[in-house]
1. Report whether or not A:A38 is part of a helix (DSSP H, G or I) and more than 10 Å from chain B (Cβ to nearest Cβ).
2. Consider only pairs whose beta carbons are under 7 Å apart and that are at least six residues apart or on different chains; among these, list those whose first residue lies in the stretch B:70-85 and is in the same structural domain as B:S99 (by TED's automatic domain parsing) and whose second residue is loosely packed, with under 14 Cβ neighbours inside 10 Å and among the basic types (K, R).
3. Considering each residue of the stretch B:102-129, count those that are part of a strand (DSSP E or B) and either surrounded by fewer than 18 Cβ atoms within 10 Å (Cβ to Cβ) or free of Cβ contacts under 8 Å to residues at least 12 places away in the same chain (or both), and give that number.
4. Out of B:I291, B:I338, B:I310, B:I330, I need the residue that is at pLDDT below 90 and more than 10 Å from chain A (Cβ to nearest Cβ). Which one?
5. Looking at the stretch B:146-167, I want the residues that are surrounded by 15 or more Cβ atoms within 10 Å (Cβ to Cβ) and have a partner that is in a loop (DSSP other than H, G, I, E, B) and of a type in the set (A, V, I, L, M) with Cβ atoms under 7 Å, at least 6 apart or on another chain. Which pairs are those?
6. Which of (1) closer than 23 Å to B:N118 by Cα; (2) not assigned by TED's automatic domain parsing to the domain that holds B:P104 is the odd one out, the single condition B:V52 does not satisfy?
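The values are calculated or read from the model by the stated rules, or taken from the named source; none is laboratory data. Since this is a predicted model, take the numbers as computed values, not measurements. As a convention, Cβ positions derive from the backbone with ideal geometry for all residues, glycine included, and neighbour counts pool all protein chains shown.
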Amino acid sequence: MEENLTYEDAFAELKQIAGEIENETVSVDVLAEKVKRASQLIGYCQLKLRNTEVEVNKIIKQMEGGSKK
Amino acid sequence: MSDRSQLKLSQLTAVISAAMGDVFAGLTFWVIADITDHKYYPEKGHHYFSLVEKDPSQNRIVAKIAGVAWQQGSGRISSFEKVTGQLFHNDINVLVNVSVDYHPVYGLKVTLLDIDTNFTIGLLEKQRLETIARLLDEFPEFIRRSGECFLTLNNQLEMKPVIQRIAVITSLNSAGFQDFQHTLANNTFHYHFKVDSYYAAVQGIENARDIRQRFQDVLESGVAYDAVVLIRGGGSQTDFLIFDTFTLGEIVARFPVPVITGIGHQKNETIVDLMAHTPLKTPTMAAEFIIAHNRRFEEALNNLQKTIIIESQQLFSSGSQQLSYLNNIIVNSTRDRISRQKENLARLNQGIISRPREILMQLSAQLMMTSGQLISRPGVVLANRMKDLRVEIASLAGYTRKYLVNTSSYLEHFRSLIRLMSPESIMKKGFSIVYHKGKIITDPGKIGVGDDITVVFPTTELVTNVKEKKKRNGREFNL
């Protein structure tokens with residue numbers, strides 16, 4: 001996946017691909033390519049989401065730990 | 001010299017006393033006057049003072065009389081001070097109820113029996129309104145009236161979210177300041193404060209400049225205070241007039257750090273309260289306000305923290321949902337698409353297989369039909385022709401027969417005609433043929449007398465000589 005790809009950009013692209021596939025504006029020639037790209041984007045977004053969640057939870061734990069001190 | 005009557009002083013004073021008694025005994029007067037030469041003896045509870053009247057234009061004293069307030073009058077003065085917030089002292093204008101007394105030793109005095117609070121309140125209120133009007137008039141850039149309230153530079157300041165560095169302007173050893181300190185120190189949330197005190201006498205109009213100077217000191221300290229607290233705690237409930245002064249009203253109104261007041265009054269707000277950022281009744285309330293203010297910030301922080309936790313979790317879950325939703329769309333749509341394409345292909349394929357067959361069959365059927373037509377058509381034509389021929393033949397036979405019949409009847413006719421005309425039958429009727437020189441003669445003109453003629457009968461020939469020729473009119477042969 002390209003560097004510096006933001007979640008928003010990835011998600012926007014994913015949405016666009018999904019829309020194209022749903023509305024069948026994608027040529028069958030590139031359908032597989034698009035689906036592959038979509039699956040990469042989904043994986044990328046999920047990874048980002050999961051990593052961020054883990055990190056945020058860590059920070060929240062620190063935050064809660066800090067305020068209880 | 002001897003006839004001059006001589007009196008002892010006491011005799012004279014007795015006369016004066018009697019005369020005064022005659023005129024003033026039992027009478028009291030309500031008098032408007034200024035107070036001056038005031039002295040108070042707390043242990044006895046006695047006030048000594050002078051009533052004066054000044055010429056308003058020249059500030060010259062036009063009347064003056066000594067006065068005293070004994071127990072009764074002092075009691076009235078105390079309640080006056082409580083109600084008005086105005087200390088009974090020099091240079092105040094009052095309406096007092098007095099009796100006029102003369103004492104042989106202490107001379108002429110008025111005794112204060114009562115003091116009119118409403119008069120002074122009205123006066124103070126008038127002064128107050130004048131001071132407010134002057135503030136509005138002279139400093140429109142940082143004091144404005146808005147309905148019942150005043151918008152000042154100070155009370156329009158944004159209080160910092162947390163108040164920690166505090167400058168307190170107060171009198172030394174003020175009970176109010178102790179209350180304030182105590183309340184701050186014992187706050188249940190364990191907030192820490194850095195409090196600097198700026199001491200000033202906070203009673204007596206004459207100290208207004210002093211307090212003003214403390215405000216200046218706060219500014220010049222260079223410390224970035226979050227708030228200035230002005231405390232006048234404890235002690236008597238009197239003399240708030242310092243807080244109604246123009247000089248303090250102005251400094252508070254224009255002060256660049258939010259001013260919190262805890263002046264400890266029970267009545268109307270002072271001008272300083274009106275100009276200040278946060279006017280409160282007591283020092284304790286000022287401290288509580290600061291704690292509550294900080295607490296609000298902490299609660300806001302806690303709420304933000306909670307919100308962040310909740311919102312971020314929601315964000316994650318909605319992000320996951322969106323992703324799986326999109327994933328489903330992509331997967332399902334793609335599957336659908338592919339299976340539909342497959343079906344389309346299959347349908348097309350089938351079409352490609354079956355269609356040519358159909359076309360061939362159609363073509364061969366057409367061919368058969370055409371060839372059938374081709375085969376049957378000549379037969380029909382021939383049959384028709386044959387039929388025509390037969391008709392023709394039949395009619396030809398009929399015509400021939402008729403013709404033959406007709407012809408044979410003609411022939412018969414001609415036969416009988418010929419039979420009739422045959423020389424034999426003609427001769428039988430009496431006629432004979434005449435020849436001359438071998439030729440049949442039909443014109444007698446050509447025969448002359450003497451010519452030999454042969455008359456022929458069927459069985460006989462007569463050779464004769466013409467002896468005579470005569471004309472005749474034979475009409476018996478014309479049928």
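1. Details: part of a helix (DSSP H, G or I): yes; more than 10 Å from chain B (Cβ to nearest Cβ): no.
When the stated conditions are applied, A:A38 does not pass them.
2. These pairs meet every condition: B:G85/B:K267.
3. Within the stretch B:102-129, the subset part of a strand (DSSP E or B) is B:102-103, B:107-115.
After this cut, where a residue has to be either surrounded by fewer than 18 Cβ atoms within 10 Å (Cβ to Cβ) or free of Cβ contacts under 8 Å to residues at least 12 places away in the same chain (or both) as well, the list is B:102-103, B:107-108, B:111, B:113.
Matching residues across the stretch B:102-129 total 6.
4. On the way: B:I291 fails: at pLDDT below 90; B:I338 fails: more than 10 Å from chain A (Cβ to nearest Cβ); B:I330 fails: more than 10 Å from chain A (Cβ to nearest Cβ).
Matching residue, one of B:I291, B:I338, B:I310, B:I330: B:I310.
5. These pairs meet every condition: B:N154/B:A276; B:N155/B:A276; B:R165/B:V223; B:R165/B:A224.
6. Only one criterion in (1) closer than 23 Å to B:N118 by Cα; (2) not assigned by TED's automatic domain parsing to the domain that holds B:P104 is unmet by B:V52, namely (2).
Let's see how each residue does on (1) loosely packed, with under 11 Cβ neighbours inside 10 Å; (2) over 29 Å from A:L31 (Cα atoms):
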residue: B:N294; (1), (2): no, yes
residue: B:I308; (1), (2): no, yes
residue: B:L326; (1), (2): no, no
residue: B:S333; (1), (2): no, no
residue: B:L345; (1), (2): yes, no
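So that you can scan it fast, the table gives a plain yes or no per residue for (1) among the small types (G, A, S); (2) free of Cβ contacts under 8 Å to residues at least 24 places away in the same chain; (3) assigned to a loop (DSSP other than H, G, I, E, B):
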position	(1), (2), (3)
B:L360	no, yes, no
B:S371	yes, yes, no
B:P378	no, yes, no
B:S408	yes, yes, no
B:I418	no, yes, no
B:S425	yes, yes, no
B:N473	no, yes, yes
